[in-house]
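A short reminder: the numbers here are calculations on the coordinates, not readings from a lab. Since we're looking at a predicted model, the values are computed, not measured. Note that each Cβ is placed from the backbone with ideal geometry, even for glycine, and that neighbours are counted across all protein chains shown.
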Amino acid sequence: ILCDPLVLTRMDQPQYRSIQMETTYYDTEDGALSARKCTYRLRKENGVSVITLKTPGEGYARGEWECEGKTPEEAIGTLVSKGAPEELVELTKPGLEMVCGAEFVRLTQPLRLPDGTTCEICADGGELLGGRHKEPICEPELVRLQLELTRGDGKALLAFAGELSRKYGLIEEQKSKFVRARRLADGK
């Protein structure tokens, strides 16, 4: 798929960038963030620590704020100053604990669609980590493919995703890496 002309003709750069990712997901002991369908993570991207809060949105959309930082606790104020919901401060006062994680390699490339919409195509291969349990992100010999809108019209992105899906028989994954790793951690 990454070498298909549908993708290659839309690439901004001639090569994919490789990122080694080590992700740890956090929540409060009572699951306050998960209860609100929020994801809070610390991810090392080629050794650089990036802390991200994701909140639910409508359809495929979501709120997402991130900053560099060494610990998830120290990033809370910075994320709120960047527009993350202020309730994050109160929700996390009881403390944060690690709940699950993932380790994977991502190949990524910015794409420009015909109407000027831009997105990132990402191919992930690695493992979900849930306590003592591990599971591949996807079936052996496969990778998880993701398209993420960076600017423009979501309709154009969905049309492009539809083209790739029809051509390669792709199936939409309904559960995020966090949800799947959390199930492992919970023993489900």
### Query
R132 to K44: FRET efficiency via 1/(1 + (r/R0)^6), r the Cβ-Cβ distance, R0 22 Å, to the nearest 0.05?
0.55
#### Entry: Cα-based equivalent ellipsoid, segment 93-152: semi-axes from gyration tensor eigenvalues, Å
29, 18, 7
## Note on the structure
Restricting to lysines and to Cα separations under 20 Å from K175, and discarding same-chain partners fewer than 8 apart, the set is K37, K54, K134, K188
#### Entry: Rg followed by Dmax, in Å, when segment 1-47 is reduced to its Cα trace
17.3, 48
### Message
What distance in nm lies between label points placed 7 Å from Cα along the C-beta direction at Q15 and D186?
### Response
4.2 nm
### segment 93-143 and segment 20-72: distance between their alpha carbon centers, rounded to Å
12 Å
#### Entry: Residue-averaged 222 nm ellipticity for the chain, from DSSP H runs of 4+ at -39500 (n - 2.57), nearest 500
-6500 deg cm²/dmol
### Task
Please express the Cα-Cα pair-distance distribution P(r) of the chain as a list of whole percents, one per 5 Å bin, running from 0 to the bin with the greatest distance.
1, 7, 14, 19, 19, 18, 12, 7, 3, 0, 0
#### Entry: Full-stretch length increase - E74, E90 - with 0.36 nm per residue and alpha-carbon distance subtracted
4.4 nm
### Query
Which of the aspartates and glutamates could be linked to K93 by a straight reach, that is with a Cα gap under 18 Å, when you skip same-chain ones fewer than 8 residues away?
D27, E29, D30, E73, E74
#### Entry: Spin-label proximity, R62 to segment 118-135 - amide N less than 18 Å from point 7 Å beyond Cα toward beta carbon
119-130
#### Entry: Rg(Cα) / (2.2 N^0.38 Å) computed for segment 65-117, rounded to two decimals
1.62
